[in-house]
Amino acid sequence: MYICKHFNIKELVSKQVFEYFSKRYGANFCWKFFQEQYLKDLDLIREYHGQAVIINNWHIGGNLSQCGLRSNVDPLVKAKTTPYCSGHTLGIAFDLHSSDNKKLFKDIETLINAGRIKSFKRLESPQSTKYLWVHVDGLQTQNGKLEIFVA
């Protein structure tokens, strides 16, 4: 089982997911929700970017709690009144935060275009995010090429 070098499991899952599953099966059980390649690609992004990258920070008193894996009881999902299908609920989407989100976006774009990232193929457009975060996901794209989408 692959465990990230640069992220702990609390950064990748919501508080609700962590508390429910870690109490029943232990904290390491939560790693099983993720395919190995996504975790390796997250580590590669962090290494290439060369700066701290934050996904969730709820475990250290921060306000980010739904930027990785979301479940049916997490507020962003629970509040939906129409069908909600997202890479976040599949464990293949992450909202990344850095002190320089413009650079982070460009770094991920470079890694995807160079074929170094194997799992992530989509980036949410800065038009949508205003560089407040960088959304990356592994939903399918045309011909497996990078897709920059507007949400």
**Message:** Consider the range 86-132. How many of its residues are surrounded by fewer than 19 Cβ atoms within 10 Å (Cβ to Cβ) and hydrophobic (A, V, I, L, M, F, W, C)?
**Reply:** 3
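Just to be sure before I move on: is residue 107 more than 12 Å from the chain's Cα centre (by Cα) and among the acidic types (Asp, Glu) in the structure I sent?
When the stated conditions are applied, residue 107 passes them.
Could you list, in sequence order, all residues of the range 130-146 that are among the hydroxyl-bearing types (Ser, Thr, Tyr) and in contact with a Leu (Cβ under 9 Å, 6 or more places away or on another chain)?
Taking the range 130-146 first, the residues among the hydroxyl-bearing types (Ser, Thr, Tyr) are 131, 141.
Listed by number, the list holds a single entry, 131.
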**Request:** May I ask you to say which residue of 29, 34 is of a type outside the set (D, E, K, R), surrounded by 18 or more Cβ atoms within 10 Å (Cβ to Cβ) and over 18 Å from residue 116 (Cα atoms)?
**Result:** 34
**Message:** Need the failing condition index for residue 67 against (1) modelled with pLDDT of 95 or more; (2) more than 23 Å from residue 118 (Cβ to Cβ), just the number.
**Reply:** (2)
**Request:** Restrict the check to the range 67-85 and report whether at least one residue is within 19 Å of residue 6 (Cβ to Cβ), exposed (fewer than 15 other Cβ atoms within 10 Å of the Cβ) and either in contact with a Ser or Thr (Cβ under 8 Å, 6 or more places away or on another chain) or free of Cβ contacts under 8 Å to residues at least 12 places away in the same chain (or both).
**Result:** no
**Message:** Of all residues being of a type in the set (Gly, Ala, Ser) and without any contact (Cβ under 8 Å) to a residue 24 or more places away in the chain in the range 1-54, which is farthest from residue 70 (Cα to Cα)? Just the residue, please.
**Reply:** 50
**Asked** In this structure, is residue 111 in contact with a strand residue (DSSP E or B) (Cβ under 9 Å, 6 or more places away or on another chain), in contact (Cβ under 8 Å) with a residue 40 or more places away in the chain and aliphatic (A, V, I, L, M)?
**Response** no
**Prompt:** Across the range 80-138, which residue is modelled with the lowest pLDDT among those that are under 21 Å from residue 47 (Cα atoms) and basic (Lys, Arg)?
**Reply:** 118
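Results for (1) part of a helix (DSSP H, G or I); (2) of a type in the set (Gly, Ala, Ser); (3) touching a residue at least 24 places away in the same chain (Cβ under 8 Å), shown as yes or no for each residue.
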| position | (1), (2), (3) |
| --- | --- |
| 99 | no, yes, yes |
| 106 | yes, no, no |
| 123 | no, no, yes |
| 132 | no, no, yes |
| 143 | yes, no, no |
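The values are calculated or read from the model by the stated rules, or taken from the named source; none is laboratory data. Please read all numbers here as calculations on a predicted model, not as lab measurements. All Cβ positions, glycine included, derive from the backbone under ideal geometry; neighbour counts span all protein chains shown.
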